[in-house]
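To start, the structure itself, in structure tokens.
A short reminder: the numbers here are calculations on the coordinates, not readings from a lab. Bear in mind the structure is a predicted one, so any value in this text is a computation, not a measurement. Heads up, the Cβs are rebuilt from the backbone with ideal geometry, glycines too, and the neighbour counts pull from every protein chain shown.
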Amino acid sequence: MRVAAPAKSAPTRSEQIIVFRIGSQLFAVSSASVQEVRSSDSFSGASTEISAPGLRKVRHVVRRGDRSLFIVSGALHFDLPPSPGTLAFVLRKTRTALLVDGIEKMTSMTRLQALPQSFCHEERQWYRGLTAIDQTVIPVVHPEGFLSAEELTLLDAAMPPPKNRDGESTEGTVSAA
Amino acid sequence: MTVSAELELQSFVLLRLGERRFAVRAGQIAELVAPSRIFKFPHRTAQIEGVILRRGRIVPVCDVAETLIGKKLMSRRLYLLAVRHYGAQTEWVALPVTGECELINAEMAAAAESDAPHVAGWLSHAGDVIEVLNVDAITPGPGEMRVESETKGVLEARP
């Protein structure tokens, strides 16, 4: 009698993520979408103030060559209680540097559940989905969800004229990916 | 009871929100579970409180009490996991309830045009007339966004 070979289970795909904190709220972001992790102090010398109408979450911009990187307060973006934001995640393929309060851990997720369709407002742009890490549900942010096209247009219009472009500091840079 | 009358009986789960009772078609209920930890995170959908983890699934918790009885629930005894349709797709949604639930067989009278969209029909049980809830209409979903933007458009178009 021939016994069927046990079916090989497909290898589980996992994705490296950074679990971070804004205030007491946990979020996760794919490690691959974080280009740099910097201390927010290291940005302060190189940043310029910016004020776009109705866009409180962006107060500073950093020029990098021809590009501008907008520093987004994670707390204000998510309507959380104000927090200073001690670290900045420079998000790959975006013009966003996200201010967060700390990194909880780096880990991997094997399952990303789509955001339930009951969530039907801006959060659909904010999150790629939800994951469960150690029996805790954590939203996984969408790197492009921090600044919409309309917000970028507003910010570009509010940009101060360029000045010294050589002054950008790289002190405090940590390679993230 | 005649055979034809018996065939019209359907199963419903009776639930309690505060002092009032409502019904949901039994076929729309996946499970009845004890309250567990609610995970909360920032979002803008007012009726959703957060999510619970159930058998590996992440299930949104939707407090429908404010819509149905005009106030939020102060205490909750159970979550009714209802099946919510989104076109061809279905998802679970957890509805907090304040009392024990009961499975009954009853005949449902169709909703009238003047009834609110969340009323699927009416049934009579133990001297009460009870609203049968349309889970798809009482819980938020992409349709809500469409209605909101259409309403906004109408309001903006007014002189």
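Values as computed for the structure displayed
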read-out	value
GNM result for chain B, Cα springs below 10 Å: residue of B:Pro96, B:Pro60, B:Pro35 fluctuating most strongly	B:Pro35
Cut-off under 5 Å, modelled amide H: who pairs with A:Tyr127 long-range	A:His142
Karplus 3J(HN,Hα) series, Hz, for the range B:28-42 with 6.51 cos²θ - 1.76 cosθ + 1.60 (x for Gly, Pro)	8, 9, 8, 7, 10, 10, 6, x, 10, 4, 9, 8, 10, 8, x
GluC sites (Glu not before Pro), loop per DSSP, at most 11 other Cβ atoms within 10 Å - longest free stretch of chain B	B:20-99
Local electrostatic count, B:Ile52, Cβ distance below 15 Å [Lys/Arg +1, Asp/Glu -1]	+4
Separation of alpha-carbon centers, the range A:41-56 and the range B:64-101, rounded to whole Å	44 Å
Local net charge near B:Leu68, Cβ-Cβ under 9 Å (Lys/Arg +1, Asp/Glu -1)	-1
Calculated on alpha-carbon atoms, Rg and Dmax of chain B in Å	17.0, 60
Max mean-square fluctuation residue, GNM over chain B, Cα-Cα springs under 10 Å, options B:Leu15, B:Leu53, B:Leu80	B:Leu53
Contact order relative to length of the range A:15-160, as percent, for alpha carbon pairs under 8 angstrom and 6 or more apart	27 percent
Sequence of A:Ser83, B:Ser11 once ranked by neighbouring C-beta atoms within 10 Å, starting from the fewest	B:Ser11, A:Ser83
Per-residue Cβ neighbour rank within 10 angstrom, fewest leading, B:Phe22, B:Phe41, A:Phe20	B:Phe41, B:Phe22, A:Phe20
From phi via Karplus (6.51, -1.76, 1.60), per-residue ³J(HN,Hα) for the range A:98-110 in Hz, x at Gly/Pro	9, 7, 10, 9, x, 9, 7, 6, 10, 8, 10, 10, 9
Fewest-first sequence of B:His118, A:His77 by Cβ atoms within 10 Å of each Cβ	B:His118, A:His77
Whole-Hz ³J(HN,Hα) from phi, Karplus 6.51 cos²θ - 1.76 cosθ + 1.60, for the range B:105-116, glycine and proline x	10, 7, 9, 9, 8, 5, 6, 8, 4, 7, 6, 4
Under-5 Å amide H pairs with A:Arg64, H placed in peptide plane, nonlocal only	A:Leu69
GNM result for chain B, Cα springs below 10 Å: residue of B:His125, B:His43, B:His85 fluctuating most strongly	B:His43
